[in-house]
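Everything below concerns the one structure shown next.
The values are calculated or read from the model by the stated rules, or taken from the named source; none is laboratory data. Keep in mind that this is a model prediction, so the values were computed, not measured. As a convention, Cβ positions derive from the backbone with ideal geometry for all residues, glycine included, and neighbour counts pool all protein chains shown.
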Amino acid sequence: PLRTFLKERCKSGKFTLDEANFFFNEMICMSPRPPISSFNVLLGALCKKKHYNLVIFFFERLVLTELLPDIFTFSILINCFCNENRVCDGFVVLGRILRMGLMPDSVTFNTLIRGLCMEGKLTEATALFKGMAAFDCMPDVITYGILIDGHCKAGSLDKVKELFFDMKARGISPNYVIYTCIIHGCCCEGNLEEATSLFAEMVDQDVQPNIVTYSCIIDGLCKSGSMNKAMEMFSEMKRRNINPDVISYSTLIDGFCRAGNLEEAKSLFAEMGDRGVRPNTFSYNILIRGYCQNGKVDEAMTLYGEMMAEGFRPDVVTYTTLLTGLFSAGKVGDAQKLFHVMQLDGCEANIVTYNTLLHGYFEYNEKSKIIELLCKIAKTNLAPD
RNA sequence: GUGUAAGAUAUA
């Protein structure tokens with residue numbers, strides 16, 4: 001029934017799209033109609049499952065009735081536009097909120113600020129961060145988290161430092177997400193010293209690192225070639241009863257693959273299974289790349305078969321990785337066959353795939369193949385880079 | 001009762 005659907009299944013995310021459709025239709029036809037908050041539960045759950053366009057579509061159907069969306073509904077809608085990289089439409093929604101006489105709140109602004117950051121519009125994000133006060137909305141720890149992360153990803157660590165200082169000056173204590181974002185940013189820059197010292201600082205401030213914090217540090221250590229230190233952190237997290245998840249394992253497995261230590265990578269993959277942590281397409285891709293890079297394309301192909309047998313769908317990264325491996329092993333014919341299989345499998349090639357093919361055929365002087373590919377690319381909507 | 005932030009993989 002509708003009641004348990006909203007109260008339990010939407011919360012846990014255990015529902016199918018058909019069910020969502022069914023219940024939405026039911027709700028919209030009921031009379032009297034359920035309150036808007038019930039619609040919000042459904043839309044919020046769909047948004048969490050990343051069905052952004054469906055939420056947008058449902059919203060449009062919702063406003064055709066005389067039901068009035070509230071600030072929750074609008075914030076969910078804005079979030080969906082932002083996640084579709086349509087922050088512009090998010091602002092259109094903001095206009096609608098104001099015209100309806102509703103007051104946007106900090107969640108509304110935080111969502112828009114994140115949308116701007118995702119599109120690299122940091123100047124605008126900063127302007128909105130400053131402008132939200134005019135609507136009586138004060139930046140909170142989440143606002144700072146969003147901006148700090150945005151600047152980290154843009155590589156402006158100096159701005160990050162400013163914001164970090166600024167938030168403390170305003171009496172907002174950095175939480176574990178804030179520390180984790182900055183640690184991640186430092187790791188991306190290769191500044192492991194700073195990352196490590198922030199890690200120590202957070203512990204010192206009684207802010208507990210969580211599984212994400214550990215993954216960031218471990219990834220940073222792996223990428224800077226310090227596998228021993230990475231393993232130490234891995235043990236430390238286990239000692240602190242933080243159970244490694246598929247990302248923690250994949251991070252380390254990737255590190256060992258890049259270090260050329262396939263044995264250790266394989267043994268971690270096995271340990272992961274033993275501990276009941278399910279691999280995913282990501283983790284298979286990492287191992288496949290490890291085999292390819294270490295001159296074991298055949299084993300990589302075997303793993304590709306295994307992942308399918310285990311019920312995991314290869315994605316465009318899987319195929320592109322294998323294509324790279326096959327070309328560098330000189331198996332041009334096999335690469336061509338695999339590209340064919342990929343298409344039969346319903347996996348859309350992207351620009352990276354085409355670059356890989358072009359590069360491969362170029363290496364082997366297959367001029368006609370290159371021309372054929374360029375024509376194919378022209379027929380897609382892909383922008384050559 | 002409902003909305004907002006952080007971690008792992010492919011080409012050059």
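Please state which one of A:Leu77, A:Leu62 is more than 12 Å from RNA strand B (Cβ to nearest atom) and either hydrophobic (A, V, I, L, M, F, W, C) or over 22 Å from A:Met138 (Cα atoms) (or both).
The conditions single out A:Leu62.
Given the structure, is A:Tyr361 under 29 Å from A:Ile253 (Cα atoms), buried (at least 16 other Cβ atoms within 10 Å of the Cβ) and in contact with a helix residue (DSSP H, G or I) (Cβ under 8 Å, 6 or more places away or on another chain)?
No; evaluated as a whole, the condition is false for this residue.
Can you find, within region A:110-143, the residue that is farthest from RNA strand B (Cβ to nearest atom) among those that are closer than 20 Å to A:Val177 by Cα and in contact with a Pro (Cβ under 8 Å, 6 or more places away or on another chain)?
Result: A:Phe129.
Any residue in region A:249-271 that's at positive phi and touching a residue at least 24 places away in the same chain (Cβ under 8 Å): show its pairings with residues that are crowded, with 17+ Cβ neighbours inside 10 Å and not in a helix (DSSP H, G or I) at Cβ separation under 9 Å, as long as the two are six or more apart or on different chains.
Taking only residues 6 or more apart or on different chains, the pairs are A:Gly260/A:Asn294.
Within the set of pairs 6 or more residues apart or between chains, which connect a residue that is closer than 21 Å to A:Lys296 by Cβ and surrounded by 13 or more Cβ atoms within 10 Å (Cβ to Cβ) inside region A:331-354 to a residue that is at pLDDT 95 or above and acidic (Asp, Glu) with Cβ atoms less than 9 Å apart?
Pairs found: A:Met342/A:Glu348.
Being among the hydroxyl-bearing types (Ser, Thr, Tyr) and in a loop (DSSP other than H, G, I, E, B) is the filter; apply it to region A:1-53 and report the residue that is farthest from the chain's Cα centre (by Cα).
The selected residue is A:Ser31.
Please specify each residue of region A:269-307 satisfying the condition of being part of a helix (DSSP H, G or I), under 21 Å from the mean Cα position of the chain (by Cα) and surrounded by fewer than 21 Cβ atoms within 10 Å (Cβ to Cβ).
Answer for region A:269-307, where residues must be part of a helix (DSSP H, G or I), under 21 Å from the mean Cα position of the chain (by Cα) and surrounded by fewer than 21 Cβ atoms within 10 Å (Cβ to Cβ): A:Thr281, A:Phe282.
Yes or no: A:Arg313 surrounded by fewer than 17 Cβ atoms within 10 Å (Cβ to Cβ) and either within 22 Å of the chain's Cα centre (by Cα) or among the aliphatic types (A, V, I, L, M) (or both)?
yes
Going residue by residue through region A:268-281, is there one that turns out to be more than 9 Å from RNA strand B (Cβ to nearest atom) and of a type in the set (Ser, Thr, Tyr)?
no
Might you check whether a residue that is aliphatic (A, V, I, L, M) and under 23 Å from A:Gly220 (Cα atoms) occurs anywhere in region A:121-142?
The answer is no, given that none of the residues of region A:121-142 is aliphatic (A, V, I, L, M) and under 23 Å from A:Gly220 (Cα atoms).
Quick one: is A:Lys168 surrounded by 14 or more Cβ atoms within 10 Å (Cβ to Cβ), within 15 Å of RNA strand B (Cβ to nearest atom), modelled with pLDDT of 95 or more and among the basic types (Lys, Arg)?
No.
Somewhere in region A:144-151, is a residue farther than 26 Å from A:Pro104 by Cα and crowded, with 17+ Cβ neighbours inside 10 Å?
no
I'd like the full set of residues that are more than 20 Å from A:Asn83 (Cβ to Cβ) and either small (Gly, Ala, Ser) or surrounded by 15 or more Cβ atoms within 10 Å (Cβ to Cβ) (or both), limited to region A:1-35.
Within region A:1-35, A:Phe5, A:Leu6, A:Arg9, A:Ser12, A:Phe23, A:Met27, A:Ile28, A:Ser31, A:Arg33, A:Pro34 meet the criteria.
Quick one: is A:Tyr319 touching a Leu at 6+ places or on another chain (Cβ under 9 Å), buried (at least 19 other Cβ atoms within 10 Å of the Cβ), among the aromatic types (Phe, Trp, Tyr) and under 17 Å from A:Ala349 (Cα atoms)?
Here the answer is yes, as A:Tyr319 does meet what is asked.
Can you tell me which residue within region A:372-385, out of those that are over 18 Å from A:Lys337 (Cα atoms) and in a helix (DSSP H, G or I), is nearest to the chain's Cα centre (by Cα)?
Per the criteria, the residue is A:Ile377.
In region A:308-317, what residues are among the small types (Gly, Ala, Ser) and in a loop (DSSP other than H, G, I, E, B)?
Once the filter is applied, which keeps residues that are among the small types (Gly, Ala, Ser) and in a loop (DSSP other than H, G, I, E, B), region A:308-317 yields only A:Gly311.
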